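The values are calculated or read from the model by the stated rules, or taken from the named source; none is laboratory data. These numbers come from a predicted model, not from an experiment. Just the protein is used for accessible areas: all its heavy atoms, side chains included, with ligands, DNA and RNA removed. Shrake-Rupley method; radii C 1.70, N 1.55, O 1.52, S 1.80 Å.
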Amino acid sequence: MGAPQVTIETITVTRPLKVIAFTCCVVTVILTVTATATADWILAEGWREGLFTQCISEGAPKPLPFDMEPVPGCGKARSAGYLKGCAALCVIGVLTDFFGTMLTCFGLKSTDPNKKYKYYRVSIYALIIAAFAFLLAVIIYPVQFAKDLEDDDADLDDDGDGVPDSEDNDDDNDGVADDDELEGSARTYTFGFGYGAVWGSIILLFASIVLLICDRESEEIFYKEKQVEEEEEEETGEA
């Protein structure tokens, strides 16, 4: 029987807070990709708009906002500068969110302590950038949209009677006051799924960041000494 040998056994313990953070990140990637592509950031009667697409329903009440042609179907969004800016911010947010999510996954799977903590550190920075990109988008969009509506009402004269729509109580010049009909009456605008999904993603992103920061230095890899006894083979031979 030979002398016992000592071996080092590596034990990896997955921290539940990091798993929760990773799960939140995966959800935010799905939500933000859907929200960026959807055409319902803002909704109104017969009309909806996203960052890249706007849709007009059959029989939508007229006049349409922003002097749009009443052609049913979906098409390219308006060329307003703030729409392009919000779209760019969301694309940046989606990319950095996905990058941070992948790094968090690598950190959970890695057995190298140095790489593990490096993955977590970089993922936190990426998620912070994503969160602030989305936050800027959801702040800029409603503020600029409301300003667009004010300018639209002040400048337009849909019925061509020389009275701006903001002062005209009969926008379509049909002899019926706007208060008494749907056509020409004030259109009600509400936020849709796309806008709400981005807000939900922002909340989940900040939760993920806090969890990763609070649990970043927690030990996940432990080393255990194990003694192994090896039997020596004795060789016998005849002289």
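Expected output is a single nm value to one decimal: the length gained when fully extending between C105 and I128, i.e. 0.36 nm times separation in residues minus the C-alpha distance. What is it?
On the way: separation 23, 0.36 × 23 = 8.28 nm, distance 1.67 nm.
Working it through step by step, the gained length comes to 6.6 nm.
Mean projected area of the convex hull spanned by the Cα atoms of the range 79-145, taken over all viewing directions: 4.2 nm².
Heavy-atom accessible area for E58, with the other protein chains in place and a 1.4 Å probe, reaches approximately 150 Å².
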